[in-house]
Amino acid sequence: MQTAAYAAATSRAPLAPMMIDRRDPGPDDVVIDILFSGICHSDIHQARSEWGPALFPLVPGHEIVGRVSKVGANVKKLVVGDLAGVGCMVDSCRTCEPCAEDHEQFCEAGTAWTYNGTEMDRKTPTFGGYAQHIVVRERFVAKVPAGLDPASAAPLMCAGITTYSPLVQWGCKAGTRVGVVGLGGLGHMGVKIAAAMGAEVTMLSTSAGKAADAQRLGAAHFALTSDRAQMKPLARHFDLIINTVSAQHDYADYLRLLRPYGVMAVVGVPPEKVPVSANALINGNKRLAGSSIGGMAETQQMLEFCATHELGADVEIIAAKQINEAYERTIKGDVRYRFSIDASTFAQ
Ligand code: NAP
Ligand code: ZN
Ligand code: ZN
């Protein structure tokens, strides 16, 4: 099957229309007619080879929601007509220890990423969700619960799970003092989810103009990180910080805001290495942790949580031809708070 997509031909080329092949569905596969695809900052990092050389042509997109249009004979979880979500992974070995423990993102054989990777045959390149259709193994397709709007649910498949998972891992609950650094796609979901868990959330942002939005999204407090007067009272304040910053910055600026034994979970991936001094960790037994998306079982739990709490991303719906402009606006922090591409506009 051929499907209309948007692809980057090289790390310097803007994204442009391209027809791509999708495999015929096998017995374990689900065919999805894509409705919306979110734009994650990881799409930009990879389309521009900021994390090392990417595989081109590259069709980004790992925040996918669509309607199931066909299922293979062995598929049990989904039927034609269901609303389905696909995130950062499309396959894994399914048998190694991490896979058996539902952490497919750490598959020992190497996860098959939704794009900029290969299928498990290690030959066939994968193409992401900036397209009209996708074919994905059932295990890597989530069921989108009733009540979630497709355009705002698409970003949950990466931004949602990437912030939900460390909040769960580090025991966020009523009264936990959570700081979220960076109010972009991940950050705005982090605020919403942490607030729904009952946490006292503070938004730590470089953008003064986002203060009102932070409160609307559920933050109790807002601090402009460039203003020393606002940052000083926050020293030793937080139990948990979720750091979503996509660009170079100093982790020590945020580690000093942790209480003793506090945790900073890093989810943002600046292209450059970030140096950390031992003393910034030792004084106060601070923990610096990382977190990579979440497994498929946890992704399904996150969707149920979002449906229960009526959470979705705040999206600006765009047409495919606006993708390049949306990339520039995302880099400038000028997105409120996720671009969601209307997949009907990929048709040529
Ligand atoms: P985004 O929408 O561009 O948001 C990033 C935010 O970081 C910006 O809105 C801005 O917020 C802040 N920021 C940007 N430059 C900054 C700087 N120099 N100093 C301080 N703050 C800065 O990006 P996103 O889609 O949320 O993704 C964020 C990062 O997470 C990316 O690196 C992405 O690749 C990564 N990611 C990781 C995972 C994972 O599994 N760990 C999953 C998805 C994405 P303010 O205006 O509020 O300061
Ligand atoms: Zn992502
Ligand atoms: Zn595995």
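Rundown of residues vs (1) away from ligand 3 (no atom under 16 Å from the Cβ); (2) under 17 Å from the mean Cα position of the chain (by Cα); (3) hydroxyl-bearing (Ser, Thr, Tyr); (4) over 24 Å from ALA47 (Cβ atoms), yes/no style:
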| site | (1), (2), (3), (4) |
| --- | --- |
| ALA142 | yes, yes, no, yes |
| GLY147 | yes, no, no, yes |
| MET157 | yes, yes, no, no |
| GLY160 | yes, yes, no, no |
| GLN169 | yes, yes, no, yes |
| GLY175 | yes, no, no, yes |
| GLY184 | yes, yes, no, no |
| ALA194 | yes, yes, no, yes |
| GLY209 | yes, no, no, yes |
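Which members of region 15-26 meet the condition of being closer than 12 Å to PRO57 by Cα and either outside any loop (DSSP other than H, G, I, E, B) or more than 22 Å from the chain's Cα centre (by Cα) (or both)? Spell out how you get there, then give the answer.
Within region 15-26, the subset closer than 12 Å to PRO57 by Cα is 15-20.
Of everything in region 15-26, those that are closer than 12 Å to PRO57 by Cα and either outside any loop (DSSP other than H, G, I, E, B) or more than 22 Å from the chain's Cα centre (by Cα) (or both) turn out to be ALA16, PRO17, MET18, MET19, ILE20.
With the structure loaded, tell me whether ILE161 is closer than 30 Å to SER37 by Cβ, within 9 Å of ligand 1 (Cβ to nearest atom) and open to solvent by less than 10 Å² (accessible area, probe 1.4 Å) or whether it fails that test.
Against the criterion (closer than 30 Å to SER37 by Cβ, within 9 Å of ligand 1 (Cβ to nearest atom) and open to solvent by less than 10 Å² (accessible area, probe 1.4 Å)), ILE161 qualifies.
Test of understanding: among SER340, SER277, which residue is within 27 Å of ARG48 (Cα to Cα) and either small (Gly, Ala, Ser) or assigned by TED's automatic domain parsing to the domain that holds PRO98 (or both)?
Selected residue: SER340, the only one of SER340, SER277 that is within 27 Å of ARG48 (Cα to Cα) and either small (Gly, Ala, Ser) or assigned by TED's automatic domain parsing to the domain that holds PRO98 (or both).
Check off (1) open to solvent by 10 Å² or more (accessible area, probe 1.4 Å); (2) assigned to a loop (DSSP other than H, G, I, E, B) for PRO60 and give me the number that stays unchecked.
(1)
Pairs under 7 Å by beta carbon, first residue of a type in the set (S, T, N, Q) in region 243-271, partner part of a helix (DSSP H, G or I), six or more apart or different chains?
Every condition considered, the pairs that remain are ASN243/TYR254; THR244/LEU186; THR244/GLY187; THR244/GLY190; SER246/HIS41.
With respect to the numbered conditions (1) crowded, with 18+ Cβ neighbours inside 10 Å; (2) within 13 Å of ligand 3 (Cβ to nearest atom), which one is the sole condition not fulfilled by ASN116?
(2)
Which residue pairs have Cβ atoms closer than 6 Å, lie 6 or more positions apart in sequence or on different chains, and pair a first residue in region 55-66 that is touching a residue at least 24 places away in the same chain (Cβ under 8 Å) with a second residue that is of a type in the set (Ser, Thr, Tyr) and within 14 Å of ligand 2 (Cβ to nearest atom)?
Every condition considered, the pairs that remain are VAL59/TYR115; VAL59/TYR130; PRO60/TYR115; PRO60/TYR130; GLY61/SER37; GLY61/TYR130; HIS62/THR114; ILE64/SER37.
Would you mind finding the one in ILE323, ILE341 that is in contact (Cβ under 8 Å) with a residue 12 or more places away in the chain, within 16 Å of ligand 2 (Cβ to nearest atom), assigned to a strand (DSSP E or B) and open to solvent by less than 30 Å² (accessible area, probe 1.4 Å)?
On the way: ILE323 fails: assigned to a strand (DSSP E or B).
Answer to the check: ILE341.
The values are calculated or read from the model by the stated rules, or taken from the named source; none is laboratory data. This is a predicted model, so every value here is computed, not measured. With ideal geometry, Cβ positions are generated from the backbone for all residues, glycine too; neighbour counts draw on all protein chains shown. Side chains are part of the model used for accessible areas, which takes the heavy atoms of the whole protein and leaves out ligands, DNA and RNA. Shrake-Rupley method; radii C 1.70, N 1.55, O 1.52, S 1.80 Å.
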